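Below is one structure, written out as structure tokens, with a few remarks after it.
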Amino acid sequence: MKKEVYSAIATLVGVVIGAGVLGIPYVVAKAGFLVGLIVILVIGISVMFMNLFMGEIVLRTKGDHQLTGYAEIYLGKKGKFFMTAAMFIATYGALIAYLIGEGAALSAIFGGNELLYSLGFFVVVSLIVYKGLKAVEKAEFWMVGIFLVVIFFICGLAISSVDVSNLAEFDMKNIFLPFGVVLFAFLGSAAIPEMREELIKNRSEMKKAVIVGSLIPLIVYILFATAVVGVTGIETSEVATIGLGERLGQSMVIFGNIFAIFAMATSFIALALALVEVWDYDYGFSRNKSLILTLLLPLVAFLLGVKSFIGTIGIAGAFAGAIEGFIIVFMLWKAKKHGNRDPEFSLKGVYLIGSMIIVIFALGITHVILNLLGVV
């Protein structure tokens with residue numbers, strides 16, 4: 001493959017694989033490993049088709065746009081509103097979750113009060129975001145490589161301690177339990193328009209790049225969940241590396257949680273910088289007001305008592321992912337008829353596949369809503 005194709009794949013993988021991977025083992029363990037594995041596969045394949053749908057949409061449309069722009073073109077102002085809402089839910093949910101997770105990871109290494117660590121982390125990353133440090137974004141290609149190497153290294157250290165009995169749990173009544181967290185970890189359609197630009201001279205490679213870039217996270221998540229759940233079983237912690245460290249010893253406590261701290265910090269900074277730009281460029285707020293809107297809301301939510309890493313990314317993933325999925329499906333259906341450019345690839349069976357994605361995501365978000373209402 002050409003260099004541009006590798007770069008496009010790295011862009012998608014880099015957007016998808018982030019700190020969300022740390023939450024997957026917990027929900028997989030709670031659901032039962034085999035059920036969790038089914039959920040990872042179903043959602044991973046569904047999101048791959050979402051990404052392919054988005055790939056065809058951008059190739060059928062002239063001009064440069066992001067998800068909200070495409071939503072407005074094909075679904076009007078309501079489409080743009082809901083796509084924007086999905087983006088805000090996912091981003092703010094992630095910022096709150098990483099604020100919670102950092103406190104837990106730092107406390108696992110140094111001991112002490114998680115709240116104080118979270119507040120200290122908030123001060124540090126707020127200063128970085130205020131200064132506008134973009135080294136994290138610019139080093140994306142190398143960060144993806146380092147991220148994957150570390151995950152595989154953790155899996156390698158854990159594999160000799162896997163208890164196969166931890167991987168034998170199967171109970172279909174828990175099929176929707178991991179939905180939100182797993183969907184959160186797979187979200188990355190916002191990378192597709194950027195891939196289009198990276199493949200400006202090789203757009204015929206878009207389909208291949210999207211498929212490979214979607215399958216890599218799927219494989220990584222299965223390996224990571226297998227290694228962690230195989231070792232820690234039902235005692236798997238919300239931030240996976242904390243429980244893994246407790247089981248495998250002090251070296252894993254330090255190494256695993258430094259990895260978790262780095263993963264959550266870089267994700268927090270990248271997302272916060274992007275959100276500042278949304279408030280600044282798209283909504284016309286001053287930079288200072290944009291900073292306040294970006295950073296104050298997660299802090300307030302945290303101080304008001306939002307303390308569950310898994311609960312936060314689960315709710316954010318379910319709502320943001322389902323809304324985004326619905327919109328992308330509807331957009332492609334419209335783009336097939338009203339696109340203003342001949343695409344380099346055209347998917348078949350999109351009405352059947354799209355309907356299946358809608359049904360899966362609708363069932364998942366319905367379960368999450370019923371769970372929030374205390375019905376299930």
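Mind giving me the FRET efficiency for Ile146 and Val300? R0 is 30 Å, r the Cβ-Cβ distance, nearest 0.05 is fine.
0.35
Applying a 10 Å radius around every beta-carbon, put 31-43, 339-351 in order of their mean neighbour count, most first.
Ranking, from highest mean packing down: 31-43, 339-351.
In whole percent, what relative contact order does the chain give with Cα contacts below 8 Å and a gap of six or more residues?
RCO, the chain: 37 percent.
For Arg287 and Gln66, what is the calculated FRET efficiency with R₀ set at 30 Å and r taken between the beta-carbons, to the nearest 0.05?
That gives a FRET efficiency of 0.90.
Which chymotrypsin sites (Phe, Trp or Tyr not before Pro) does segment 181-267 hold that lie in a coil by DSSP with at most 12 other beta carbons within 10 Å?
Sparse-neighbourhood loop chymotrypsin sites (Phe, Trp or Tyr not before Pro): none present.
How would you rank Tyr70, Tyr92, Tyr6, going from fewest to most other Cβ atoms within 10 Å of each one's own Cβ?
Starting with the residue having the fewest Cβ neighbours, the order is Tyr6, Tyr92, Tyr70.
Given points 7 Å out from each Cα along the Cα-Cβ axis, report the Leu215 to Tyr6 separation in nanometres with one decimal.
The answer from the label model is 1.8 nm.
So which GluC sites (Glu not before Pro) in segment 62-134 are both in a DSSP loop and have at most 10 other Cβ atoms within 10 Å of their Cβ?
Here no loop site has a sparse enough neighbourhood.
Just grab the label-to-label distance for Met356 and Leu41, each label 7 Å out from Cα along the Cβ direction, in nm (one decimal).
Each label point lies 7 Å from its Cα, and together they span 1.3 nm.
Once the piece of chain linking Ile254 and Lys337 is laid out straight, how much longer is it, given 0.36 nm per residue of separation minus the C-alpha distance between them?
Working: separation 83, 0.36 × 83 = 29.88 nm, distance 5.45 nm.
Answer, rounded to one decimal: 24.4 nm.
Going by how many other Cβ atoms sit within 10 Å of their own, how do Thr366, Thr236, Thr61 line up, fewest first? Could you put the intermediate results ahead of the total?
Values: Thr366 15, Thr236 26, Thr61 22.
Fewest-to-most Cβ neighbours within 10 Å comes out as Thr366, Thr61, Thr236.
Filter the trypsin sites (Lys or Arg not before Pro) in segment 182-257 to those in DSSP coil with at most 12 other Cβ atoms within 10 Å of their Cβ, and list the result. Kindly include the intermediate steps, with their values, before the conclusion.
On the way: sites: Arg196, Lys201, Arg203, Lys207, Lys208, Arg247; in loops: Lys201.
Within segment 182-257, the qualifying trypsin sites (Lys or Arg not before Pro) (loop, at most 12 other Cβ atoms within 10 Å) are Lys201.
Can you give the extra length, in nm with one decimal, that the chain gains between Phe110 and Asp171 once fully stretched, where that is 0.36 nm per residue apart less the Cα-Cα distance?
Separation in residues times 0.36 nm, less the Cα-Cα distance, equals 18.2 nm.
If I take every Cα pair under 8 Å that is 6 or more residues apart in segment 58-160, average their sequence separation and divide by the length, what percent do I get for the relative contact order?
Averaging sequence separation for qualifying contacts and normalising by length gives 13 percent for segment 58-160.
Taking the convex hull of the alpha carbon atoms in segment 3-372, what volume per residue do you get, in Å³?
130 Å³
Given segment 235-376 reduced to its alpha-carbon atoms as identical point scatterers, what log10 I(q)/I(0) does the Debye formula return at q = 0.19 Å⁻¹?
-1.17
First check a/c for segment 96-251, with a ≥ b ≥ c the square roots of the eigenvalues of its C-alpha gyration tensor; if it is under 1.5, answer rounded, and if not, answer prolate when a/b is larger than b/c or oblate otherwise. It would help to have the intermediate numbers written out before the result.
Details: a/c = 1.94, a/b = 1.17, b/c = 1.65.
The shape class here is oblate.
What pairs from Lys78/Lys336; Lys62/Lys337; Lys78/Lys334; Lys77/Lys348; Lys208/Lys334; Lys62/Lys201 go past 18 Å between their alpha carbons?
Lys78/Lys336; Lys77/Lys348; Lys208/Lys334
Coordinate-derived values only; no laboratory data. This is a predicted model, so every value here is computed, not measured. All Cβ positions, even for glycine, are placed from backbone atoms using ideal geometry, and neighbour counts span all protein chains on display.
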